[in-house]
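Student: I have a structure I would like to understand better, so I am pasting it below and will then ask my questions one at a time.
No lab work stands behind these numbers, since they all come straight from the coordinates. Treat the numbers as computed from the prediction; the structure is a model and nothing was measured. As a convention, Cβ positions derive from the backbone with ideal geometry for all residues, glycine included, and neighbour counts pool all protein chains shown.
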């Protein structure tokens, strides 16, 4: 097996599905000739033609709206939004149309569409290029929101998303693109949507997180293991709807839970995870639920020290883990 | 079946502690027979039965504190019980059902509040595991933050119950050591008799903790020449005893001097009430009366209106009531300033704890003969120390000093010719 990056894993999934299914096509800004600003779709237009890898105008509501129409007619569009924040002009299409088609038509119509978008900070992108926006979509039934944390999951989840018969938002961490590398199986395999994954099994505390923070948490856990601390890390993978069962099992196992997200703290995915644990695990808790997240300020700053202050990193996670272990 | 409830033993009394049961279940009693002793604040009172009948169940055990109005025992009253059974079948049906239900809950190894270490933070999972495995959390060593018992700590004890017993010597040590070296030492002392803290002892303890934690104390002491007082009293005492039938004590002279001086310095006769200081109009002097293991603080009301004889009479009466444990809450309420006769047991210097909510306490120490320099000559004089503790929120050193100096002058000015005890 070849060791490939998170970005290559996404590329491979797109390539594999396009090769397998003629209904799969890509549309987005600069995805064709340029191959995407991050080069995720590099070479796909050349390989599959202009009609299956479309360069669109700079109009996100148009990209998503076109995708919805095509999906309802039987295609499997994979729309790319260049940066996750740019998705906001398309939210009406996503929340009011894509999410509700199946419900509104009493099951006559559906929308098998994927919307990919790079999110997350730590790349000196400042505002418009560093935010986490998953919580905007995480309260709309009809949508699924997945965020892979490893190259393996990136490929398997994207294939599952493309094959899913309902709209799936697929957020990929842009800092992870070239940072994370691992051996990824070639060809066909899927990672189930709606299923969290224990990335590290442990007895002392449970850390629940997703995205790049999974890698950061694994680094912190590795350091703490040298001092004899045993940390369990649960990767949500699908942040909406949440895998309640896995959350409850893991929280009950250790009784001490740390929730980590690089999104702003208040109203984040972790607020809901915390509520699930509070409702289901009270009598198994050995400490108050702890959260580590970005501060409640409007955007990721550009200045490197201020960006560091905002961003979650392995050191911050380690410190918080230790605090919980010692509680 | 009738219930007897915790009586209200005073105006502001909201709860009472059963000190002792004088009857047992099955005893036949008559109306007005005492059934138990109840303690409130510092008064012990007997509770009389309000019915003729047979004692059923004791609902509140000795040492337990319950609110006024809570049933403390049941009494089966003759005739009436059958009458009730006939008229109220429904409610009688309910009784036998509810009794086993109560027993059920009692048998479940629930962790009661008593099992919970004081001031400890117990997490839900630790509480649940302790209940399921019937573990006394006082016996579990905590390794978490500030000695908190973690889930792992209790799981270890469940696996190996012997760990719980080792705790006393081992794990509590580091925590205790931080607090005080003295506590650590006591861990190595062979334990003797254990005396449960109940009744008057518990009331004293609570009051003292309240006083010493709430009131910022300051202290001052003055040495007083009591030679004239000693001479005066010695000249009067035999005749006084003959005519009045009780002793003319030094203590009465001091109380009189204090009561007079409080009139001049009313701030010492006040109380701290959070956002205001209440200056008390009446001058009611509390005195301490000790007997065996108990301490009572009865009050001489309006002491400023009494003669020295009047004060001596009250001191005598209150002291004998105290020795016989016959003081009631009426005797002990309303004090505005305390004079404590520490000299009675030979003390020459002490730092009194203020009797909450008063503003100050004066300790009258032993009168001892000492060489004193007067006009560059050495004289043998009867000297006494007056030790004053003040609530520093209300009083500062200046006014306290002025007060004490005035008391001193009054004592030193006493003379056979000019001082009347009547």
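Student: How many percent of DSSP beta bridges within chain A run antiparallel, rounded to 5?
Tutor: About 20 percent, rounded to the nearest 5.
Student: In addition: Could you give P(r) for region B:205-284, binned at 10 Å from zero, as whole percent values over all Cα-Cα pairs?
Tutor: Computed distribution, short to long bins: 13, 30, 31, 19, 7, 0.
Student: Could you list log10 I(q)/I(0) for region B:2-77 at q = 0.16 Å⁻¹, which the Debye formula gives when each Cα is one point scatterer?
Tutor: -0.49
Student: Could you check what % of the DSSP bridge pairs in the protein assembly as shown are antiparallel, to the nearest 5?
Tutor: 60 percent
Student: Next question. Give the angle, between 0 and 90 degrees and rounded to the nearest 10, that separates the Cα long axis of helix A:314-326 from the longest principal axis of the Cα atoms of chain A.
Tutor: Computed tilt is about 40 degrees.
Student: Oh, and also: How big is region A:197-326 by the Kirkwood estimate over distinct Cα pairs, in Å?
Tutor: One over the average 1/r among Cα pairs gives 14.6 Å for region A:197-326.
Student: Report the Cα-based extents of region A:1-155 along its three principal axes, largest first, to the nearest Å.
Tutor: 45, 36, 32
Student: Against the longest principal axis of chain A, how steep is helix A:151-163, in degrees 0 to 90 to the nearest 10, with axes from Cα atoms?
Tutor: So the inclination is approximately 50 degrees.
Student: How far is helix A:244-254 tilted off the main Cα axis of chain A, in degrees rounded to 10, range 0 to 90?
Tutor: Its long axis makes an angle of about 20 degrees.
Student: To the nearest 500 deg cm²/dmol, what mean residue ellipticity at 222 nm is calculated for the protein assembly as shown from DSSP H runs of n ≥ 4 alone, each contributing -39,500 (n - 2.57), summed and divided by the residues?
Tutor: It comes out at -10500 deg cm²/dmol, rounded to the nearest 500.
Student: What's the whole-number percent of alpha carbon pairs in region B:299-422 lying beyond 26 angstrom? Display every interim value, and only then the final one.
Tutor: Numbers: 2301 of 7626 pairs.
Of all Cα-Cα pairs in region B:299-422, 30 percent lie more than 26 Å apart.
Student: Give or take rounding to whole Å, what are the principal axis extents of the alpha carbon atoms in the protein assembly as shown, in descending order?
Tutor: Result for the protein assembly as shown: principal-axis Cα extents of 131, 86, 49 Å.
Student: Sticking with this one: Taking every Cα atom in region B:217-413, find the radius of gyration and the maximum pairwise distance Dmax, and write them in Å.
Tutor: Looking at region B:217-413, its Cα Rg and Dmax stand at 16.6, 53 Å.
Student: For a quick size check, give me the Cα extents of region A:182-228 along its three principal axes, largest first, whole Å.
Tutor: Computed over the Cα atoms, the extents are 40, 23, 18 Å.
Student: Here's another thing I want to ask about it. Please report the spacing between the Cα centers of region B:332-400 and region A:28-72 in Å, no decimals.
Tutor: Value for the Cα centre distance between the two parts: 95 Å.
Student: Over all directions, average the projected area of the Cα convex hull of chain A and note it in nm².
Tutor: Here the figure is 16.3 nm², rounded to one decimal.
Student: What is the antiparallel percent of DSSP beta bridges lying wholly in region A:3-183, to the nearest 5?
Tutor: So the antiparallel bridges in region A:3-183 amount to around 15 percent.
Student: Based on the mean of other beta carbon atoms within 10 Å per residue, what is the order of B:20-30, A:170-180, B:229-239, most packed first?
Tutor: Per-residue mean Cβ counts within 10 Å order the peptides as A:170-180, B:229-239, B:20-30.
Student: Also: Dividing the Cα convex hull volume of region A:139-243 by residue count, how many Å³ per residue is that?
Tutor: Given the Cα convex hull of region A:139-243, per-residue volume reads 105 Å³.
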